[in-house]
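S.K.: Have a look at this one before I ask anything.
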Amino acid sequence: MNLILTQFAANGDISGFAKKHNGIKEPLACKWFWQASNGLAYLHTSLYTAHRDIKLDNMLLDANWITKL
């Protein structure tokens with residue numbers, strides 16, 4: 001059984017943010033990298049699955065500026 005969950009990405013994706021703001025400041029980039037890394041670790045260790053298309057366009061930002069894969 002495949003399950004697909006979609007959450008509303010109120011703030012778009014990281015690629016759009018970087019284009020709109022002419023880059024990403026290092027503290028924010030570190031925060032989002034940490035969040036994405038934890039998400040990938042969860043996918044690999046808990047769900048035994050892999051994300052095969054990791055790129056900034058696929059890292060969404062919710063209403064609280066939290067990264068979602």
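The values are calculated or read from the model by the stated rules, or taken from the named source; none is laboratory data. Remember, it's a predicted structure, so these values are computed and weren't measured experimentally. For the accessible areas, the whole protein counts, side chains as well, though only heavy atoms, and no ligand, DNA or RNA atoms are used. Shrake-Rupley method; radii C 1.70, N 1.55, O 1.52, S 1.80 Å.
S.K.: For region 28-53, enumerate the residues that are closer than 14 Å to ILE14 by Cα and open to solvent by 70 Å² or more (accessible area, probe 1.4 Å).
M.R.: First, the residues of region 28-53 that are closer than 14 Å to ILE14 by Cα: 28-36.
Hits for region 28-53 are CYS30, LYS31, PHE33, TRP34.
S.K.: Okay, next question. Filter region 35-53 down to residues that are assigned to a helix (DSSP H, G or I) and more than 13 Å from TRP65 (Cα to Cα), then give me how many there are. Spell out how you get there, then give the answer.
M.R.: So in region 35-53, the residues assigned to a helix (DSSP H, G or I) come out as 35-45.
Narrowing the set further to residues that are more than 13 Å from TRP65 (Cα to Cα) leaves 37-45.
Number satisfying all stated conditions: 9.
S.K.: All but one of (1) at pLDDT below 95; (2) open to solvent by 100 Å² or more (accessible area, probe 1.4 Å) hold for ASN22; which doesn't?
M.R.: Exception for ASN22: condition (1).
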